[in-house]
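Let me begin by presenting the structure, written as structure tokens, before commenting on it.
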Amino acid sequence: MSDHRIELTVNGRKHGGTVEARTSLGEFLREQLGYTGTHLACEHGVCGACTVSVDGAVARSCLMLAVQADGSEVTTVEGLAEADGTLHPVQQAMRDNFGLQCGFCTPGIVITLASLTGEGKEPTEQEMIDAMSGHICRCTGYQGIRRAIRQLTSETA
Amino acid sequence: MKPAPFDYVAPTSIDEALSALADAGGGATILAGGQTLMPLLNLRMSQPFIIIDINRIAELKGVTRASGGTRVGPVTRQADALADATLAQHVPVMVEALSHVGHYQTRNRGTVGGSVSLGEPAAEMPATAVALGATIEIRSSKGTRQVPADEFYLGPYMTVLEPDELVTGIIYPDWADGHVTLFREVAQRPGDFALVGMVGALELSGGTVSRSGIAWLGMGPTPIKARQAEAALLGKSLDAIDPLAIAELAVADTAPFDDHHASSEYRRTVGRRIFTRTLREALGLKEAA
């Protein structure tokens, strides 16, 4: 069916590609551009593993068509750490507090928390915990993630 | 790729979208926020021939004051509506309800009009539109019509929308400044579909109820207007209101269903409880001894 030429920026780098209309953004990022940090699991918007930032707002990349992201700026988990490998504060907090085990759900969680704690924002601990309802983690029981959130709260306060 | 193949167009004006809808002869699906449609596509429960993406139509976005009400463009993101100062001032209960729609991550894409026009019976936006007496503005290439929200919903995910029609606005009538808002829902976790919920508004003048609008979510095949309760409240002074008796009338209008989350009896029981408590708290009534 219809093919579409799209151009978008991912983690500051310009990319282009031709996609079938039915290709999800998540699939495009992984299969055509190689950003495999974005994890696709349920592919119907429940698990949150595929969450990326599109034009500054986090979104499920399985619930958005790649063609819809034409002209957008996308940030995936690969775009958070600095060039020298220094972890983003959210990544550091997750690491410090054992906020992950198998790590499958982690990219989505990190993207959500990075968005919530972005420049000029001071989310409360409860707001961050509430946002975790959009992510399913089957390893940690969430306690490590909650500790990471507490650490982030004290850093931004 | 999980969805079945489809064509895709992204018109930039309402007229273009309407002619694409008309040309498709019923084979098209409108894509707004996609937070419900995309799962249906990925599961192949929906297999349209063509998707008409209305996200690039600027005239379908934003909140404006209309005469006697507030007009919300259907492609207004739920997250934007949640932070909108006009809505906070004029339609406060809608903002309260919005914080229960989906998750932080889905509200960034999900739209007010998408939720209103899908007609999920347990969703907050359809019930809010029904409770407040909103009007749904619908257009096709043949013309425009206005449908009261109360007459818009026919069943689960079924509305009066014809295949060639598009919702182009939702108009919420003004309620008097300082009106009383009612909202409460019970869900298993934040962001889950409500098992039971209620939403509404009351106007008081001189200590008596002068206007009432209340609807249930998750208590039947559509949002359910609590007509008997609304009528019983009208003209009552605060000290003459028996919240439990009003709640009984409200529950009498419902037709809840059984599913694997809750029985209809559970929904009635919890519904009666949250209705009583919400009314009592909103009106500052004491609990009966």
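Here are the numbers:
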item: Protection proxy ranking, peptides A:72-84, A:21-33, average beta carbon neighbours within 10 Å, highest first; result: A:21-33, A:72-84
item: Cα-based helix-to-principal-axis angle, A:106-116 vs chain A, degrees rounded to 10; result: 80 degrees
item: Shape box of region B:236-289 [Cα atoms, principal axes, largest first, Å]; result: 39, 18, 17
item: Theoretical FRET efficiency, 1/(1+(r/R0)^6), r = Cβ-Cβ of B:HIS179 and B:ASP15, R0 51 Å, to 0.05; result: 0.85
item: Unit charges on C-beta of K, R, D, E only; dipole of region A:35-88, Debye; result: 240 debye
item: Inter-chain shielding of B:190-199 (mean C-beta neighbours from other protein chains, 10 Å cut-off); result: 1
item: Debye log10 I(q)/I(0) for the protein assembly as shown, one point scatterer per Cα, at q = 0.09, 0.12 Å⁻¹; result: -0.62, -1.06
item: Qualifying GluC sites (Glu not before Pro) in region B:184-289, DSSP loop, other Cβ atoms within 10 Å at most 15; result: B:GLU287
item: About the Cα centre, charge dipole magnitude for chain B (Lys/Arg +1, Asp/Glu -1 at Cβ), debye; result: 420 debye
item: With at most 11 other Cβ atoms within 10 Å, longest stretch of chain B clear of loop trypsin sites (Lys or Arg not before Pro) (DSSP); result: B:143-285
item: Cα→Cβ-extended label distance, 7 Å offset, between B:ASP258 and A:SER154, nm; result: 5.2 nm
item: For region A:89-156, fraction of C-alpha pairs farther apart than 13 Å, in %; result: 57 percent
item: Separation between Cα centres of region A:1-37 and region B:222-269, rounded to whole Å; result: 50 Å
item: Crossing angle, helix B:264-283 versus chain B [Cα axis fit, 0-90 degrees, rounded to tens]; result: 70 degrees
item: Using alpha-carbon coordinates, inclination of helix A:143-156 to the longest axis of chain A, degrees; result: 80 degrees
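Read-outs: derived from the displayed coordinates by stated rules, not from any lab. None of these values were measured; they are calculated from a predicted model. Here the Cβ is made from the backbone with ideal geometry for all residues, glycine too, and neighbour counts use every protein chain on show.
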